[in-house]
Amino acid sequence: MSSTHTRLASFIWSVADLLRGDYKQSEYGKVILPFTVLRRLDCVLAPTKDAVLERKVKLAEQGVQNLDMLKRATGGLSFYNTSKLDFQAAVRDQDNVASNLKSYVGAFSENAREIFEAYDFTAQLGRLDGAGLTYKVASKFAEIDLSPEAVDNHQMGYAFEELIRRFSEISNETAGEHFTPREVIKLMVNLLLAPDEQDLMTPGVVKTVLDPACGTGGMLTAAEDFILDHNPQAKVVPHGQELNAESYAICKSDMMIKGENASNIKLGNSFSQDKHYGKSFDYLLANPPFGVEWKKVKDDVENEAKIGFAGRFGAGLPRINDGSLLFLQHMIHHMKKPEQGGSRLAIVFNGSPLFTGAAESGESKIRQWILENDWLEAIVALPDQLFYNTGISTYFWILTNRKDEAHRGKVILLDAREHWAKMRKSLGDKRKYIPDEDIAKLTELYGEALTAAEDAGHPMHEKVKVFAPRDFGYRRITVERPLKLRFEVTEEALAELEVAKPLAKYEGREKLIEALRGLVDKPAAFRKADFTKALKETLAPLGKLPVAADKAVWGAVSVSDPYGELQTDSKGNPLPDPDLRDNENVPLDEDIDEYMAREVLPHVPDTWVDHTKTKVGYEIPFTRHFYKYAPPRPLGEIDAELKEIETQIQRLLSEVTE
């Protein structure tokens, strides 16, 4: 960071001294960020202020109602202000600063005005006024020269991002929701964009980027910086959407401050309001909230899912309490088609999307769709305790629909969990960070992952594994065992019949149970025919039982027994025992009969597979593939340690009792 924007950020930060006591630390940004934006926009408009006011008069004389025509007088800016006041004039009148600023902000064009509405700037002015701080804060900002001549767009952008970072890090309540640690973003952007370095250096190249959960815009900025660092003449067009109004305001104002087209940043829920409908992008990246339910937009999502792949959610719907895979489908929908150049995509997930959901569940079908289309390029496991509001393990998923020849039909798993350093001071749940040297190592490893996986002599060989997409698929088979029963009346069976629903309305229930009680001491029958005879004689006085009652009786007196009678259907086929039913996952490319002969039949020879219940599933058991067996310590070593601890305890107890 250059000294210019470091000094600028420090100066603006000094305003916090005025707020101390009346505002919590976590609330400083609610005041300082909108004031910074307001002062910057004011300085940017200053050179064309008179021209805009003159053109406003002319348009009024011509009866023109469309004030957007004022943009011509701003020298190409996308916003304007029609107030006769400027920031310094609004602040000069000490007794009316708040009302002057409200009037001044209200005179901005709609695209700028809605930023201050999202910041809830009017409410903040009221709060400052109540604390007697409005003039003090505003006059402090009036001293700063934020004109493009004094601070160019690049420096202003960095200064604003530095403020965002500082406010996010001291606000543990919300940082994790709206701000991703800088080093995580840097690594993610490197892995997303580094494979395209040659393409990015093409003269005059134009790249579009989308973050559908953009928060304060850190990922969009990092992607833009990466591209411009490789090619200063490139044009990057960032797009974003954000649900939280304050984060949206920060992101949009950041874009406006840097001279970007801020209208590409949208407010709203990406699931129910796709504000970038019909557009496709070169690069897509996101860190959506972990495990957030989508109950509020359930109807919208389900209605769109009904139209299949004509909408965004044709592959399937995940469980209602985790919308992670909805975000991924949304992003895939906005990828460019391969014939249009294709796209690359990166997203941060927790472990759940890797394996949650049984075969043929919504989650499994989404994974199957992605893998069978060969879009998944890699999954990268990150260290835990990287984020502000959670210590759980996280992963990058990197997808592309334009794999090169070497990567086609391959999925890379890269283990980066040991590449971290300890924070000097914890920030919420964030106790670790990824140092720059590790980011460089991991970026290099990602570029040569296929080679590292094949070469056992590669220093990072154990960190990378490569699979075919089908390797993550399996068939969930149902393994049945024969139903073998003995028949007897026990006190437990009678207690079961006492509360059985089929007998609740049967008038002869009490007599039935009393009659059966006479069979309690009789030995168990191992043939159904024998027990049928005894049961028929016992219940003869009751007449023919209703079908439901008869079924309930047989259910209560039938006991599973490996030495019992084999039960068969009308064709003589053995019936399955539901209590002994089991499931096995068989890899897609393995023959089920061969699997059974090797894994099951040697141990339980009377089993069979019910093929009508077989389901196909996909999961990515990342940690299983990198599991390393650690043998337990020798018993002698453990005993010696226990004896030493016992000795220490005895010594401490003796010191207490002396």
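Annotation: Cα Rg of the range 433-529 relative to the compact-globule expectation 2.2 N^0.38 Å equals 2.62.
Remark on residue 239: its backbone amide H falls under 5 Å from those of 209, 210, 211, a criterion applied only to residues 5 or more positions apart or on other chains, H modelled at 1.01 Å from N. With all protein chains present, calculate the accessible area of residue 527 using a 1.4 Å probe and round the result to the nearest 10 Å². Looks like 120 Å² after rounding.
Apply the a/c threshold of 1.5 to the C-alpha gyration tensor of the range 533-658 and tell me whether it is rounded, prolate or oblate. Because a/c hits 1.5 or more and a/b fails to exceed b/c, the range 533-658 counts as oblate. The share of accessible area on the chain that comes from carbon and sulfur is 50 percent, using a 1.4 angstrom probe. Ranked by the mean number of other Cβ atoms within 10 Å of their residues, highest first, the peptides 633-639, 557-563, 364-370 fall in the order 364-370, 557-563, 633-639.
Backbone phi angles across the range 357-362, fed through the Karplus curve with coefficients 6.51, -1.76 and 1.60 (θ = phi - 60°), yield HN-Hα couplings of x, 6, 3, 6, 6, x Hz in residue order; Gly and Pro are listed as x.
Remark: the residue 120-residue 563 segment gains 151.9 nm on full extension, using 0.36 nm per residue and subtracting the alpha carbon distance. Computed on the Cα trace of the range 249-368, the radius of gyration divided by the Kirkwood hydrodynamic radius gives Rg/Rh = 0.98.
Counting heavy atoms of the protein chains alone, residue 604 has an accessible area of about 40 Å² for a 1.4 Å probe.
Pairs of Lys residues in the range 177-323, spaced 8 or more positions apart or belonging to different chains, with C-alpha separations under 15 angstrom: 8 in total.
For residue 403, a cut-off of 16 angstrom between C-alpha atoms picks up these aspartates and glutamates, skipping any fewer than 8 places away in its own chain: 196, 197, 199, 282, 339, 372, 374, 377, 448.
Temperature 10 °C, viscosity 1.306 mPa s: under these conditions the Stokes-Einstein estimate for the chain, based on its Kirkwood radius over C-alpha pairs, is 52 µm² per second.
Could you tell me what a quarter of the Cα convex hull surface of the range 1-152 works out to, in nm² with one decimal place? Taking the Cα atoms of the range 1-152, their convex hull projects to 9.5 nm² on average.
Within the range 206-273, the ratio Rg/Rh, alpha carbon atoms throughout and Rh by Kirkwood, equals 0.98. For the pair the range 288-331 / the range 422-463, the C-alpha centres are spaced 32 Å from each other. Listed by chain and number, the lysines whose C-alpha is less than 19 Å from the C-alpha of residue 613, apart from same-chain residues fewer than 8 away, are 365.
Among the chymotrypsin sites (Phe, Trp or Tyr not before Pro) in the range 586-658, which ones are in a DSSP loop with at most 11 other Cβ atoms within 10 Å of the Cβ? Mind listing them? Listed in order of number, the matching sites are 627, 629.
Using the 1.4 Å probe convention, the accessible area of the chain works out to 50 Å² per residue with neighbouring protein chains retained.
For the peptides 584-592, 461-469, the ranking by mean Cβ contacts within 10 Å, running from highest to lowest, is 461-469, 584-592. Peptides 201-211, 537-547 ranked from most to least packed give 201-211, 537-547, packing being the mean of other C-beta atoms within 10 angstrom over each peptide's residues. Overall, the chain carries a charge dipole of about 1720 debye about its Cα centre when +1 sits on the Cβ of Lys and Arg and -1 on the Cβ of Asp and Glu, all other atoms neutral. Pairwise alpha-carbon distances in the range 367-472 exceed 18 Å for 53% of all pairs. For residue 308, the shell of other residues with beta-carbons less than 14 Å away shows a net charge of +1, using +1 for Lys and Arg and -1 for Asp and Glu. Computed over the alpha-carbon atoms, the range 253-304 gives an Rg to Rh ratio of 1.03, Rh here being the Kirkwood radius from the mean inverse distance. Using θ = phi - 60° in the Karplus curve 6.51 cos²θ - 1.76 cosθ + 1.60, the 3J(HN,Hα) couplings for the range 488-500 round to 7, 9, 10, 4, 5, 5, 5, 4, 5, 5, 4, 10, 5 Hz; x is entered for Gly and Pro.
Between residue 402 and 343, the built amide H atoms are under 5 Å apart, and every one of these is 5 or more places off in sequence or on another chain.
Note on the range 296-355: along the principal axes its Cα atoms extend 35, 29, 18 Å, ordered by decreasing extent. List the aspartates and glutamates whose Cα sits under 14 Å from the Cα of residue 544, skipping any in the same chain fewer than 8 residues away. Straight-line reach from residue 544, under 14 Å: 507. Only beta bridges with both residues in the chain are counted; by DSSP, about 65 percent of them are antiparallel.
Report summary: the helix-based calculation at 222 nm, which adds -39500 (n - 2.57) for every DSSP H run with n ≥ 4 and divides by the residues of the chain, gives -12500 deg cm²/dmol. Here the range 308-418 was treated as a single set of alpha-carbon atoms; its pair distances binned every 5 Å from 0 give 2, 11, 20, 24, 20, 14, 6, 2, 0 percent.
The values are calculated or read from the model by the stated rules, or taken from the named source; none is laboratory data. Since the model is a prediction, treat every value here as computed from it, not as a measurement. Cβ coordinates were reconstructed from backbone atoms using ideal geometry, including for glycine residues, and neighbour counts include every protein chain displayed. To get the accessible areas, we keep the full protein, side chains included, count just its heavy atoms, and leave off ligands, DNA and RNA. Shrake-Rupley method; radii C 1.70, N 1.55, O 1.52, S 1.80 Å.
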